[in-house]
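Right, one structure below, let's go through it.
What follows draws every value from the coordinates through simple rules; no lab data is involved. Fair warning: this is a prediction, and the values are worked out from it, not measured in the lab. All Cβ positions, glycine included, derive from the backbone under ideal geometry; neighbour counts span all protein chains shown.
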């Protein structure tokens, strides 16, 4: 794939140049990269090289680069900047980007930045900042071009040419509003340039794009963009007044982050985790997750400890017990993954949840029986003990059935309690499957084998 | 959040209506939804209700809905359609969408569809189909509007109005090409309408958008869209001839799928897994993963079996051994998740990989020592045995250090071998941490405790 290897080469070449310490050459290469590409390179560099490179980045693009890197890398870069650098970095940034950045800064610097802005711009920034992070209002850019429904396309075209540079370069759509600034519909530039200039906006405009309330959750906004293939969408207040617009590039980031959150969350990591964070902070963050897991592992050990006397008599139990626990964990994790995705896509409603639980119960039961028989045969031949074979089979069916039910029930309950199932789900689930697995297998053995 | 609950209500209300069997009402509600929203509802329905609803969907939007649902749900829906329905569904679809759909159909139907197309359209479809799935060429739409660099904006505007309906409604950018159809640059509609009409295209066009080679991997395309905040991008052949364009709505799907692939892959599930698939096919798919995991669990049991005599003498070993294995598994999974994400984002190069491995080794060693001390204290007091405490501490350090190294080494090696680390990584890793954990702990006990 030539394009891919070209890109790889570009980034790898830059890294090699930095490793060599050829800083003038690196600076020249940097100027040919977009802010997003510079962000990518910075994220891919270990601390020392990252610091070196950050000093080489043209200060005019500092702000745009800061917006594109992940939160943790951004904090790292911000720490290297002084007041004046921060102030100049925030010049000429778009409102939504600036809002994103300002929140990460100490209050004293934020105040200075706000003071340095002209009145109108500051008011617009404060409007965006008044909405919580992860809402449409916080994602929006207030820089929109609006037109009235009663004018002709010719008038719109003349108006845009008059605006000139002030038309945001990523504009694909104009918003049609009435005198009270209430949102009425969209006029795409494609429609504007392909229709007769004597037509009236109201006749050409589209009514299909639903306005997004400013307090809508950003993941819900992302779903609306996905379901309707939007490039941009209007954001309105409670009364339908146009506040700004959201563009799809911000939505792409929301979707990427949502995916990484689910993936990294299972390992107890944040989606913002910096791959090249220094050793000590990394160790500290990981330690928390290991501590939580030690607690659950101790619970499992405690259950095993209850049956020490049984294991003492039949050592084969100690050999086989991890199989029961691990198969339950795997079956449950599959159901868990499916349910967490369903919740994330907002596809679980009261009426279909019951169907899902019953289906997962059926799937768990079928696989429980199938693999119980396989494991029973192996265990029976291995230890030449048919009673042991029956016991492990029963324990496995119990654990896989409970695992399937918990795999749906647990994330649904966590979600209702406001706890993120992508983070807590897998720890809790394997705790359950370990404890149930050990308890069922060793308990049954105590009852029937001794 | 009113907007969210509004949407929820819309979908939940529709589900309730279907549950009640009020099909005329459901049909009316469906007409108010976009194809993407219909797809969402279909994905959220159990088999019977899904079949019912699919019959209610207006046949004119069938094609667009089919493009929006996940592969597995699409197969389910296609199975319900006959030849004539399929033929009419594919009418008036965009080339990239049709290419996507045609591949899922039996060859006989594909042939009929191709035969029903006019010559020019068929040739363009075949061009798209000639590129492998998951490449830029397969994602592209050949329906582009091109202009010459030497004409004035006024000429461009007149040309677009002449094209009228033929301008694709999602056009945000025109592509500038020379006489040989080689890509030269982009003319955004925003630039077109905000500059003076007497200007020449060459003066206004932008050179910043790099063309994408048709054989570029779709994940790489997604990264270029993300890094450069693109709405659309030109696709070219080896010699720079313009072949078509990729729009960001397809990129959003690629990013969503990539995230789901990583998340679902860890549980051995496909990102296309249908949450409401029937029980038997679901069970069969899950069984494969359970079988693979049974094999690895048996390996771990076999290792424990080697030390039966030791456990027979010191039962406490059976109680404590899961702690060693599980802590190694957790530490390794964290490193694994970080490395898999780094690979997916194309952020790992030869020069920074070494740094990553050393950092993870350091993090693993620090946490290994810290938690080894904690576990040693607990084990020592629990069983009143200081020798046992020292042994478990040493075993834990060994396992966490090896887990950290394997957490980076394993996905990198799998990736180089062309095996998807998101799928195979976590199984292989926990196999290693189980075996190393049991072997280290029980082996050391055999050497020093007996």
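For B:75, B:249, A:62, B:165, the sequence from fewest to most other C-beta atoms within 10 Å is B:165, B:75, B:249, A:62. Computed from the Cβ-Cβ distance with R0 of 35 Å, the FRET efficiency linking residue A:239 to residue B:92 stands at 0.35. Once the Kirkwood radius over Cα pairs is known for the range B:157-265, the Stokes-Einstein relation at 37 °C and 0.692 mPa s delivers a diffusion coefficient of 214 µm²/s. In nanometres and ascending order, the distances from the residue A:178 label point to those of the other copies are 5.4 (point 7 Å from Cα along Cα→Cβ).
Counting pairs of alpha carbon atoms under 8 Å apart in space and at least six apart in sequence, what relative contact order in percent does the range B:235-351 give?
8 percent
Structural descriptor for the range B:279-448: relative contact order 38 percent, calculated from alpha carbon pairs under 8 angstrom and at least 6 residues apart. Between the helical axis of B:218-228 and the longest alpha-carbon principal axis of chain B there is an angle of about 80 degrees. Relative contact order for chain B: what percent, with Cα pairs under 8 Å and sequence separation of 6 or more? In percent, rounded to a whole number, it is 12. The convex hull defined by the C-alpha atoms of the protein assembly as shown has an orientation-averaged projected area of 39.3 nm².
Using a 7 Å projection from Cα along Cα-to-Cβ, the label point at residue A:272 is separated from the same position in the remaining copies by 3.7 nm, smallest value first.
Determine, from the Cβ-Cβ distance of residue B:114 and residue B:162 and an R0 of 45 Å, the FRET efficiency 1/(1 + (r/R0)^6), rounded to the nearest 0.05.
Here the calculated transfer efficiency is 0.90.
Peptide B:230-243 has a mean shielding of 1, counted as Cβ atoms of other protein chains within 10 Å of each residue's Cβ. Within the range B:404-418, list the residues whose amide N lies under 15 Å from a label point set 7 Å along Cα→Cβ of residue B:292. Those under the cut-off are B:411, B:414-415, B:418. Relative to the dominant Cα principal axis of chain A, helix A:279-306 is inclined by about 30°. Per the rotation superposing chains B and A, the chain B residue found at the smallest beta carbon distance from the axis is B:259, 1, distance in Å. Placing a pseudo-label 7 Å from each Cα along the Cα-to-Cβ vector at residue B:386 and residue A:272 gives an inter-label distance of 4.6 nm.
For the segment B:366-378, counting C-beta atoms of other chains within 10 Å of every residue's C-beta and taking the mean gives 3. Taking every residue in A:335-344 and counting other chain Cβ atoms within 10 Å of its Cβ, the average works out to 4. Against chain B, whose longest principal axis is taken from its Cα atoms, helix B:316-344 shows a tilt of about 30°.
Hey, rough spin-label estimate for residue A:58 and residue B:23, points 7 angstrom out along Cα→Cβ, what's it come to in nanometres? Modelled inter-label distance: 6.4 nm. Among B:354, B:245, B:223, the order by Cβ neighbours within 10 angstrom, fewest to most, reads B:354, B:223, B:245.
Placing a pseudo-label 7 Å from each Cα along the Cα-to-Cβ vector at residue A:126 and residue A:180 gives an inter-label distance of 2.5 nm.
Counting only DSSP H runs of at least 4 residues, each contributing -39500 (n - 2.57), and dividing by the residue count of chain A, the helix-based mean residue ellipticity at 222 nm comes to -22000 deg cm²/dmol.
State, to one decimal in nm and shortest first, how far the label point of residue B:385 sits from each corresponding label point in the other identical copies (label point: 7 angstrom along Cα-to-Cβ). With the label placed 7 Å along Cα→Cβ, residue B:385 yields 2.0 nm. Spatially, the range A:62-89 and the range B:307-376 are offset by 34 Å when compared through their Cα centroids.
Computed over chain A, the convex hull of the alpha-carbon atoms projects to a mean area of 29.5 nm². Ordered by the count of other Cβ atoms within 10 Å of each Cβ, fewest first, B:198, A:404 give B:198, A:404.
Given R0 = 35 Å, the distance between the Cβ atoms of residue B:48 and residue B:420 translates into a calculated FRET efficiency of 0.50.
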